[in-house]
1. Lys/Arg Cβ at +1, Asp/Glu Cβ at -1, dipole of the range 243-353 taken about the Cα centre: which of Val291, Asn259, Leu309 is farthest positive-ward?
2. Suppose accessible area is computed on protein heavy atoms with a 1.4 Å probe; arrange Met335, Met1 from highest to lowest.
3. Residues of the chain: accessible area per residue at 1.4 Å, in Å²?
4. Return the Cα extents of the chain along principal axes one, two and three, sorted largest first, each rounded to a whole Å.
5. Based only on the alpha carbon positions, what is the Kirkwood hydrodynamic radius of the range 118-184, in angstrom?
6. Does the range 1-105 classify as rounded, prolate or oblate by the C-alpha gyration tensor (a ≥ b ≥ c root eigenvalues; a/c under 1.5 gives rounded; else a/b over b/c gives prolate, otherwise oblate)?
7. Can you list residues from other chains, or at least 5 along the same chain, whose modelled amide H is less than 5 Å from the amide H of Ile218?
8. Could you state the number of Å between the C-alpha centres of the range 57-88 and the range 322-348?
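The values are calculated or read from the model by the stated rules, or taken from the named source; none is laboratory data. All values reported here derive from a predicted model rather than from experimental measurement. Cβ: placed from backbone, ideal geometry, glycine included. Neighbour counts: every protein chain shown. Side chains are part of the model used for accessible areas, which takes the heavy atoms of the whole protein and leaves out ligands, DNA and RNA. Shrake-Rupley method; radii C 1.70, N 1.55, O 1.52, S 1.80 Å.
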Amino acid sequence: MKTTIYEINIDNIDEIDKQKIKEFAELLREGETVIFPTETVYGLGANALDENAVSKIYEAKGRPSDNPLIVHIYDKREIYDLASEVTENAKIVMEKFWPGPITMILKKKDIVPSRTSGGLDTVAIRMPSHKIAREIIKEAGVPIAAPSANISGRPSPTKAKHVIDEMTGRVSGILAADDCNFGLESTVIDLTSDIPMILRPGSITKEDLEKELGQVEIDPSLNKKSDNIKAKAPGMKYTHYSPNAEVFIVSGDKKDVVNKINNMVKLNKEAGLTSGVMCVNYRKEYYDGVVIGLGDTLEEVASHLFDSLIEMDKLKVDKIYSENFPTDGVGRAIMNRLLKSAGYKIIDAKKEC
């Protein structure tokens, strides 16, 4: 497949070649696939109401067909075209957090194809804030189904180079622009019951949502392997976010974690293996091996996590060890992605190798 790539290197949407946006929007209306940036990760888009177009998303990604897609809209009013019931909680989320990195699960109307919803009677809807994403959705004039623009199971792309390297030849077009701000996919919240439930944590946290909605629960399957469940939202099922190297999370007191990782790096070197280490910036100097600092704050760690996993592949490391992170606030989203990336392999820093 020939892929048309258009690189956007300016910040002002008014200076972007609108004809290029129109051309890519036309591809979407014609049932083709286009990759574009959002504030979370790059998305692989197709007309959400066209089953044949949606099938091309699954084909391009190699994605299981029972993994539902998120439908992206331009205007809040469009939610009423897709959802059979817009709850009071949904109205609050729209008012407080849209446009932005949060996806709502609601009961769907028949207009949403089963292919888009992964065979469920619900639909996942998001209104992105990224100006290029919004421009192309507006110009296309149709809701856009758009999972992350990567081969299924791989780390989600946050840089234009990621999608160009991995997806050229798999889609009709790529809008290559700036790096994604948040670096983790949107928070997904199920609003079909009286008590809202987070199905995928993101940069809009449980704490943020509880300030507006009151009680918010976390889906109990988030922190365990769940390939056999019926996925209610993207990212709940199957292995995700995995580089070529095997990933491990090392848990414990920071001094113990440093000692444990360095010991494993040494043993790997003796076995002819290269080790990668991911940590907060100020502890980089404590580690041996190929070390990547993820940032100084949890927000920076979240922003750089997927990029660092992809970079480890480029550095051809054999095993990756990551420090553990707090499980509140944005840390919950970081650990969710790390656990999936590692296949839930956690090493206790106090135990012998």
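1. Asn259
2. On the way: Met335 20, Met1 130 Å².
Of Met335, Met1, the descending order of accessible area is Met1, Met335.
3. On the way: 14710 Å² over 353 residues.
Per residue, the chain has 42 Å² of solvent-accessible surface.
4. Principal-axis extents of the chain (Cα, largest first): 58, 47, 37 Å.
5. Details: mean 1/r = 0.0734 Å⁻¹.
The Cα-based Kirkwood calculation yields 13.6 Å.
6. Details: a/c = 1.99, a/b = 1.25, b/c = 1.59.
Oblate, because a/c is 1.5 or more while a/b does not exceed b/c.
7. Close amide H contacts, sequence-distant or interchain: Ile198.
8. 27
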